[in-house]
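Read the structure below first, then the notes.
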Amino acid sequence: MPVKIRLTRMGKKKQPTYRVVVVDSRKPRDGAYIEQIGRYDPRQEPSLVEIDNDRALDWLQKGAQPTERAQKLLEISGAWTRFRVAKGDIHTIDEAPAAAAAVDHQPEVYVVGEDSADSEDSVDSPDSVDSPDSPDSADSPDEEPSAEAATEDESKDES
């Protein structure tokens with residue numbers, strides 16, 4: 001018997017709610033079902049998705065095929081991911097959280113410069129990176145050429 005996990009429409013006219021059910025695929029949409037494993041209400045904000053993940057996982061392992069919409073709801077609830085992990089499609093790596101917290105890793109900072117002289121020193125430590133508020137910043141007005149320097153350049157050009 002081909003078994004599907006699909007939605008059955010409930011509710012009043014223009015106010016749909018759905019049951020997530022396991023049903024023989026030859027039965028009509030709103031016909032008799034084998035088991036109800038959840039419900040879905042798209043009219044709430046945010047949408048309500050309640051699925052019994054253990055029962056859904058059990059039916060998926062028995063060979064029940066979800067419809068597109070039912071599969072998306074199973075992904076939201078986490079049952080589809082658990083099924084794929086159990087099936088071997090997704091591989092997980094167990095890492096001890098204490099070991100990950102013990103490593104104090106400083107991220108590398110890459111600075112992209114405009115001229116080639118800056119590209120040689122492209123990796124800087126976080127302490128040497130100029131902040132926009134510091135007086136050493138390239139955007140500060142203190143580093144613009146002064147009027148005296150401009151007049152000296154002009155006098156050299158004239159002579």
> For Lys87, which lysines qualify as cross-link partners when the Cα separation must be under 16 Å and same-chain residues fewer than eight apart are set aside?
Replying inline: Lys62
> From the phi of every residue in the range 43-52, what ³J(HN,Hα) in whole Hz does the Karplus formula 6.51 cos²θ - 1.76 cosθ + 1.60 yield, where θ is phi - 60° and glycine or proline is x?
Replying inline: 7, 6, 10, x, 4, 8, 10, 10, 9, 6
> When a footprinting reagent is the concern and you count Cβ atoms within 10 Å, what order do Val20, Val3, Val49, Val85 take, fewest first?
Replying inline: Val85, Val3, Val49, Val20
> What are the lysines whose alpha-carbon lies under 28 Å from the alpha-carbon of Lys13, with same-chain residues fewer than 8 places away excluded?
Replying inline: Lys4, Lys27, Lys72
> D for the range 3-87, whole µm²/s, Stokes-Einstein with Kirkwood Rh over alpha-carbon pairs at 25 °C and 0.890 mPa s: what number?
Replying inline: 190
>> With 10 angstrom as the radius, rank Met1, Met10 by how many other C-beta atoms surround their C-beta, starting from the fewest.
In response: Met1, Met10
> By counting other Cβ atoms within 10 Å of each Cβ, how are Thr92, Thr17 ranked from fewest to most?
Replying inline: Thr92, Thr17
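Every number here is computed from the coordinates shown, using simple stated rules; none is lab data. Just so it is clear, the model here is predicted, and its values are computed rather than measured. For neighbour counting, all protein chains shown are included, and Cβ atoms are generated from backbone atoms with ideal geometry for every residue, glycine included.
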